[in-house]
């Protein structure tokens, strides 16, 4: 696994792809592709550089949930030829740096960047006052090659992380996967619940998902679940429990189809495949149990080999962040 580092820990000199790269969609991969060849030609360390937390969290107090947490990015970047992921701590002090000071202190002094690639909408420095023209001028001053990748769009609109979030928020998983170029996945540790599912005859694994992870629309899904590389068909409830406990907070509950495993303490990865229905309140617990049985039957049909839904490959190790990785 490639390392996740602070700027002070980075190995240089570097060829840097600079940006948020949340979701690592095709547009992001093209920016990254601009530096890997140059890094090989010039003997540089191919490096992705991003900010943590998101600048808008610091500047405007906005909660910014991520499509990919930092540790999840590592396994996605490695096949692209990247050798290190560097997270620049975004602080009020960093936000006040002029474009000139940012280039001097971060790119030149800390990262020893000889090549920098960005998307054409890249902005940086105090008040977002620096653009690609500014970066190119400063690159000339410091002997740093600047590569600019045009924005990528399809027949509908520009490819962006925001567009992927909209698809997930609408439960449009196929659209999100097409934009990402891969299925959307998340996971966490299985923790002990109150046993309500078991009492109803449908035991579930309760996932403790990192609160910074973007999750799709609340509802009931057909899903794949992985533990230690083994793929299992499942039905997943994402959201509250309006029938049995309306006051309970939103949760991620996974019922494995045809399997009974003690998963408490295990790490489980989940790939929602299809939205079966939205959350609803039933007139009785018996009506809920009948609906769960129909959900499981529908999920099993969707995930059967003949249905051709989902993916066959085992997901990369996309675990959550360890404490030392969460916020360097």
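Within segment 148-171, which residues are touching a residue at least 40 places away in the same chain (Cβ under 8 Å) and part of a loop (DSSP other than H, G, I, E, B)? Those that are touching a residue at least 40 places away in the same chain (Cβ under 8 Å) and part of a loop (DSSP other than H, G, I, E, B): 151, 152, 159, 160, 170, 171.
When we screen 104, 78 for residues that are more than 13 Å from residue 14 (Cβ to Cβ), surrounded by fewer than 18 Cβ atoms within 10 Å (Cβ to Cβ), touching a residue at least 60 places away in the same chain (Cβ under 8 Å) and assigned by TED's automatic domain parsing to the domain that holds residue 33, the only hit is 78.
Please go through segment 209-265 and pick out each residue that is at pLDDT 90 or above, outside any strand (DSSP E or B) and touching a helix residue (DSSP H, G or I) at 6+ places or on another chain (Cβ under 7 Å). Matches in segment 209-265: 214, 216, 217, 257. Contact map, segment 277-294: residues that are over 17 Å from residue 223 (Cβ atoms) paired with residues that are not in a loop (DSSP other than H, G, I, E, B), Cβ distance under 6 Å, separation 6+ or inter-chain. Pairs shown: 282/288.
Taken as a whole, the condition of being within 19 Å of the chain's Cα centre (by Cα), surrounded by 15 or more Cβ atoms within 10 Å (Cβ to Cβ) and at pLDDT 95 or above does not apply to residue 147.
Whether any residue in segment 43-56 is free of Cβ contacts under 8 Å to residues at least 24 places away in the same chain and within 21 Å of residue 213 (Cα to Cα) is what I want to check. The answer is yes; a qualifying residue exists. Applying the condition of being at pLDDT 90 or above and surrounded by 18 or more Cβ atoms within 10 Å (Cβ to Cβ) to segment 195-208 and asking which residue is nearest to residue 298 (Cα to Cα) yields 205. If only residues of segment 170-184 that are touching a helix residue (DSSP H, G or I) at 6+ places or on another chain (Cβ under 6 Å) and over 14 Å from residue 160 (Cβ atoms) are counted, the one that is surrounded by the fewest Cβ atoms within 10 Å (Cβ to Cβ) is 183.
The values are calculated or read from the model by the stated rules, or taken from the named source; none is laboratory data. No experiment lies behind these values; they were computed from the predicted model shown. Cβ atoms come from the backbone with ideal geometry, glycine included; neighbour counts cover every protein chain shown.
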